[in-house]
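Trainee: Can you keep this structure in mind? I'll have questions shortly.
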Amino acid sequence: MKGSAYTIGFAAVLGSACALLLTAAASFTKPYKEANQKAEEAKNILLALKVPLPDNASSSQVVEVREKNVQEKTRGELTTYEYSPPEAGGKVLATAMRFAGPGLWGPVKGFLALEPDMKTIRGMTIYEQEETPGLGGEIVAPWFRDQFVGKSIVDSAGVPGIIISMRGEPAANKVDGISGATMTCDKVQAMLNEAIKSIVEEKQ
Amino acid sequence: MADNQMVCATCQPKGLCGGKGLVTFKEGAWANNPLAIQVLGICSALAVTNRLENSLVMGAALIFVCVGSNLIVSILRKHTPHRIRMVAEVAIIATFVILFDQFLRAFYWDMSKQLGPYVGLIITNCIVMGRAEAFALQNPPIVSMVDGAANGFGYAVVLAIIGFFRELLGAGEILGHAVPGFSSWYTPNQLMILAPGAFFALGIVIGIFNMIKGPDPEGNK
């Protein structure tokens, strides 16, 4: 058995070596990761707003399309992203806003886009999530996302809110949940409703 | 290291796992397959196998981590103080796992999104630590790398088999593409994508492996 000093020394050297290696790897990959994240965000704004995007667009193309077509506006405390392409001459074709909140395993962040009537959903996308792949992770799947298109953010009585559930009658403000991912769906519903509340308040 | 606790089941009487090169490889990948025979590391095997692509990347990750960590643990085996050997192993394993995770995040962003937390969870995969403890601590670097590759490969193959059938039956596709002559009439069974489908598929694979391998020569159940 070697002495305690040796043990501590060994641990210190090994720990530092591992830390150095990881720091090097992290700083080497940083620009790539940041570019990926930026493109991912831009792609999701465009997807929610239904801005046409060329197939297999590269990261830089996506960012370019976003900068050309989408304007950032601040209304009170709410930041919105307005789709007004140069050829439309200042007309706003859709408005998107961010929503975010805790998911089951980690933060969930996305965009909710509304038609100019500010009541009908144009698109919903999620660009950051760490939910269970195959279950909660399905919130990013096209079938789930596309359900939101055309839905209303108010129910038949005019009360703002959207419902994500497998149960109950179909309604103008209800989409199907994901079987096996009830917790994730409940959390996404809560964060969407928070966003809806803020935009309804802002409108008044 | 005679007081080593984790010696694998089949080679315990003989002392060391297999012999050199090919023998070690066959032992790790087939006779002592970490998933199908030892039933280790099934958590990730159940979680990521709903798509073949995910299974393949996860298998590649495990091969990389097993080879890398076995190599380093083996090189350091004569210098590692016995008392902190497990902490040292975990530090080495974690380093390799994070390296792979960073690589995916930088260059395979979509895949990294798909796998979510499971790449990071390789750190706690008992196959990796099991091989470091049971093999790399007693054997020279090259043969330890072979052992790591063999176990990683054994894991990857079983994952690919399960991923293939789960995607085929659960989504009616292979690697995200429709299968000619199959996808047109097949109605995807969502059960195969959900957790129970993973249990069924893994159970059947373990059963088939054991049927082919035959009864244990030493009479162990």
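The values are calculated or read from the model by the stated rules, or taken from the named source; none is laboratory data. On a predicted model such as this, the values are computed, not experimentally measured, just so you know. Backbone-built Cβ (ideal geometry, glycine too); neighbour counts: all protein chains shown. Quick note on the areas: whole protein, heavy atoms, side chains included, nothing else; ligands and nucleic acids left out. Shrake-Rupley method; radii C 1.70, N 1.55, O 1.52, S 1.80 Å.
Trainee: Only residues that are more than 15 Å from the chain's Cα centre (by Cα) and not basic (Lys, Arg): list them for segment A:79-94, please.
Mentor: Once the filter is applied, which keeps residues that are more than 15 Å from the chain's Cα centre (by Cα) and not basic (Lys, Arg), segment A:79-94 yields A:82, A:83, A:84, A:85, A:86, A:87, A:88, A:89, A:90, A:92, A:93, A:94.
Trainee: Another question, then. Working only within segment A:153-204, note down all residues that are exposed (fewer than 14 other Cβ atoms within 10 Å of the Cβ) and basic (Lys, Arg).
Mentor: Matches in segment A:153-204: A:167, A:197, A:203.
Trainee: Hey, among B:67, B:73, which residue is open to solvent by 10 Å² or more (accessible area, probe 1.4 Å), in contact (Cβ under 8 Å) with a residue 60 or more places away in the chain, under 20 Å from the mean Cα position of the chain (by Cα) and within 21 Å of residue B:130 (Cβ to Cβ)?
Mentor: B:67
Trainee: Counting residues that are at the interface with chain A (Cβ under 9 Å from one of its Cβ atoms), which helices (runs of 4 or more DSSP H) fully inside segment B:34-132 reach at least 3?
Mentor: Answer list for segment B:34-132: B:85-107, B:109-115.
Trainee: Which is open to solvent by less than 50 Å² (accessible area, probe 1.4 Å), under 21 Å from residue A:20 (Cβ atoms) and in contact with a Leu (Cβ under 6 Å, 6 or more places away or on another chain), of B:94, B:106, B:45, B:88?
Mentor: Going through B:94, B:106, B:45, B:88 in turn, just one is open to solvent by less than 50 Å² (accessible area, probe 1.4 Å), under 21 Å from residue A:20 (Cβ atoms) and in contact with a Leu (Cβ under 6 Å, 6 or more places away or on another chain): B:88.
Trainee: Let me ask you something else. All but one of (1) at pLDDT 90 or above; (2) open to solvent by 40 Å² or more (accessible area, probe 1.4 Å); (3) closer than 30 Å to residue B:88 by Cβ hold for residue B:124; which doesn't?
Mentor: (1) is the only condition that residue B:124 fails.
Trainee: Quick one: count up the residues across segment A:122-152 that are touching a residue at least 24 places away in the same chain (Cβ under 8 Å), β-branched (Val, Ile, Thr) and buried (at least 19 other Cβ atoms within 10 Å of the Cβ).
Mentor: Total meeting the criteria: 4.
Trainee: Can you tell me which residues in segment A:38-53 are basic (Lys, Arg) and either surrounded by 17 or more Cβ atoms within 10 Å (Cβ to Cβ) or in a helix (DSSP H, G or I) (or both)?
Mentor: A:38, A:43
Trainee: Let me ask something additional. Read through the list (1) at the interface with chain B (Cβ under 9 Å from one of its Cβ atoms); (2) open to solvent by less than 50 Å² (accessible area, probe 1.4 Å); (3) touching a Leu at 6+ places or on another chain (Cβ under 8 Å), then give the number of the only condition that residue A:21 fails.
Mentor: Residue A:21 satisfies all of (1) at the interface with chain B (Cβ under 9 Å from one of its Cβ atoms); (2) open to solvent by less than 50 Å² (accessible area, probe 1.4 Å); (3) touching a Leu at 6+ places or on another chain (Cβ under 8 Å) except (2).
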